[in-house]
Amino acid sequence: MNQLNRSTIEIHEFSTGIRPQAIATGAWVSLGFTGQYMNNTIDPIPEVVERSIANREFAVAEGASSDQPAIIGRVVGTGDDTWSVVAIVTKGRDEKGRGASMYRFFLTQGREKDGFQNLRLILTWWENQERPIFHPFDIQEVDKPHICDVEEISAKFHQVSQEAVAIPVNINEPILLTPQQEYDLQTINVLALKKYNTNVKYDNYQPFSWAYNVEALEKPERFLVIHAASEKAYQLLERAINKAPRLLISSAVTDEEAIKSAIRGLTTNSQIKPDNVKVIVEALQNNQLTSDYWHSLFDAQGATTAISQKIYSPQMVRLITLRAIVIPDTMLEFLSFLNIKPGQKPDENQAISLEFQKAIRRDLPKDKLANSIKSLLPELLKKSSKITPEGVKWLLVSNDSVWASGCKQFIEDIVADLQLIFSHLKHNTPPSSELYKCPPKTWEILIKNRKYIYSKSYSIKQEEYSSFAKLFESLEYYSLAAYFYQVSEGIVPKDVFEGLPHRRNSPVEILGLCIERETTFFESIIIFLLQEYIVPIQFVITLSIFLSLLSFTGGVLVGRLNNPKIAETVVSSSPTNTNGDQTEITNELKSKASNEFQKTQDAINEIINNIKKAKKNAQQSEIIKQIIEVLKLPENFEYDTTQYAGQKRNEFIEAIYKYQQNNGFNNCDGIISPKGETATKLEQDVTKKIQDVTKKTKANPKRINNP
């Protein structure tokens, strides 16, 4: 066969970098480590290989290696960036006779070649090269790898021990072999391969790996097969494996050193590097990483010490903040540590936390942030709760809060759980706890009394949920506020009821629950009169106005509107000014504008499309930015947040209303109708703003424009 057609692999190598000194015996000693690799045939060293080494996945305990080399085989990386690596570990000496472990790595890209496992090819080639070990004067050159003929080397595979291959492999822990089980390297490799292929649990989460003739390993739990060099080594390794946290076994694929480095980088530097945020985000997507695992990483950086000793350095403030983002069950400690109290101006520590949150929030997964807030819900139910609805609101609406971006997901998950509970109302058993998006403890009381709560004759009040009602009222999610007021108090305050969409429909029903509105003192009198007598409507209106003046000192009497039509008459009799003379938009107008917000969205989209056609270089993000500026909203206002009813939509509606007032429009209603008076004027103003920006940019090319 033509040599050019034969299949080959390139075997690269590199070694621990030292300053070697030859001695008279022909041997050598080390004068110290250089911090760089030496005798390497590849530059740079593959990042996944370097990271695995940094994660101590090839590390034997210093001073523990025997006179015979320890050998470690491992496959690292994924996809096209996969490498098969064999490490030869020998004991070296310094000029004073002290021992140190020296590594010589042999590696090739990929997991297999022509159906042959690359690790076995490296091993067989290494044995055929008379088993070279670490030697600082065995000079190698970059880009001159060892060329291995696959057919020639695979022909030298020998029969492996069937006794070894028969060893049971379907166990979670590494297979630990005694020194008396003297199997050769190819047999060890085949046994590890059998365990890797058989144990499905490890198929994606425990990389292929084995260790041979080792006295001690820094991370024995990260191997499939381990051969102990001595009886003492066997006992030490056995104890270490038994003590190793199972969480580390399940997360072996995780780049632990990268996570540690990212945590250090984010918390020790005020300048945030996107790559560090990316590492944390990717790790958060790995469901194999448990809360205990994350706790161990943050505690290693001093989190527990900072909390117990109240250490408020900028580094510790950022560390505790990041921990709360990553580990939902630490939210309470975070709030307590920073002494978060709504309504107060942030102190220096809180300002550092908010600045940090603002810098990293863009790329964090919204569902994980929502989970952090949801973890507080069971605590919020307690009478002696350490948190308040106002405290949770602070997390969800503060301009710089990282959790504010998870508010939408938080609301959607609450609604999904309540829909789930209602859908199972007719069942004898409640939904399975795995189906809930919030902690199941959140709904225990609601589920226990669900048949009574949803009954029309329901009178039992679940007062624990009053804090939920206050939270959602403060967030202006009136449907949820009304739901929890009904559950906790048996009736819904008038202001909350008026914030509901379609509140004039009778009866009002939210998530299967019938909602009843409280009535004011003067409404109760009118209802009484209308029920008992035929009274002219002029008298009703006059009496309404008179009693509304009295209500400033007369308080509120809670009652039921037994006659929905009468209730509607009373509400509709209240005079409402919509001619633009008032400075603040009424709740009724605001609710109407929210219900018809699709008109506003359609108008905004039409404005964007028109400007794009007229100004071909105009970007949608820039147009939206100028709309926000024309409406005099905060610079960091996110238009996407108006998609769902709530505080941000109301802010947008109020801005439209004031814009209409300032321009003297006849109809000030907080709504932008397509092709209407407001839409036409807004398009003109935004177009002019974009033209001004373009002129300034042309006049000063160095101007930085951040759309």
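Points to keep in mind about this one:
- Computed from phi, the 3J(HN,Hα) profile of segment 313-330 under the Karplus parametrisation 6.51, -1.76, 1.60 (θ = phi - 60°) reads 6, x, 4, 6, 4, 5, 5, 5, 5, 4, 4, 5, 5, 7, 10, x, 6, 9 Hz, with x in place of Gly and Pro.
- In Å², nearest 10: area of R93 left accessible to a 1.4 Å probe: 110 Å²
- Remark: spin-label model distance K243-K681 equals 7.6 nm, labels positioned 7 Å along the Cα→Cβ axis.
- Within the full protein context, the accessible area of K494 is estimated at about 40 Å² for a probe radius of 1.4 Å.
- For segment 281-327, the carbon plus sulfur part of the accessible surface works out to 48%, probe radius 1.4 Å.
- Ellipsoid semi-axes in whole angstrom, largest first, where each is sqrt(5λ) of the Cα gyration tensor of segment 228-380: 32, 17, 16
- All-pairs alpha carbon distance profile, segment 431-488, 10 Å steps from 0, percent: 23, 48, 29, 0
- Sites matching chymotrypsin sites (Phe, Trp or Tyr not before Pro) across segment 110-167 that sit in DSSP coil, with at most 15 neighbouring C-beta atoms within 10 Å: F137, F157
- Counted by Cβ distance under 10 Å from V225, the other residues give a net charge of +2, where Lys and Arg count +1 and Asp and Glu count -1.
- Heavy-atom surface analysis with a 1.4 Å probe gives segment 79-133 a carbon and sulfur content of 39 percent of its accessible area.
- Accessible heavy-atom area order of K599, K625, highest first, probe of 1.4 Å: K599, K625
- Highest average first, the peptides 278-291, 665-678 ordered by how many other beta carbon atoms sit within 10 Å of their residues are 665-678, 278-291.
- Radius ratio Rg over Rh of segment 292-437, counting only Cα atoms, Kirkwood formula for Rh: 1.01
- Here is the result for segment 6-49: no GluC sites (Glu not before Pro) lie in DSSP coil with at most 16 other C-beta atoms within 10 angstrom of their C-beta.
- Contact order relative to length of segment 229-381, as percent, for alpha carbon pairs under 8 angstrom and 6 or more apart: 23 percent
- Rounded to the nearest 10 Å², the accessible area of H158 at probe 1.4 Å: 70 Å²
- Karplus 3J(HN,Hα) series, Hz, for segment 156-165 with 6.51 cos²θ - 1.76 cosθ + 1.60 (x for Gly, Pro): 9, 4, 10, 5, 8, 5, 5, 4, 5, 5
- Relative contact order (%) - segment 273-344, alpha-carbon pairs under 8 angstrom, separation at least six: 24 percent
- Electrostatic tally near T41: other residues with Cβ closer than 9 Å to its Cβ, Lys and Arg +1, Asp and Glu -1, net -4.
The values are calculated or read from the model by the stated rules, or taken from the named source; none is laboratory data. Since the structure is predicted, the reported quantities are computational estimates derived from the model, not experimental observations. Don't worry about glycine lacking a Cβ; one is built from the backbone with ideal geometry, like all the others, and counts go over all protein chains shown. For accessibility, only protein heavy atoms count, side chains too; no ligands or nucleic acids. Shrake-Rupley method; radii C 1.70, N 1.55, O 1.52, S 1.80 Å.
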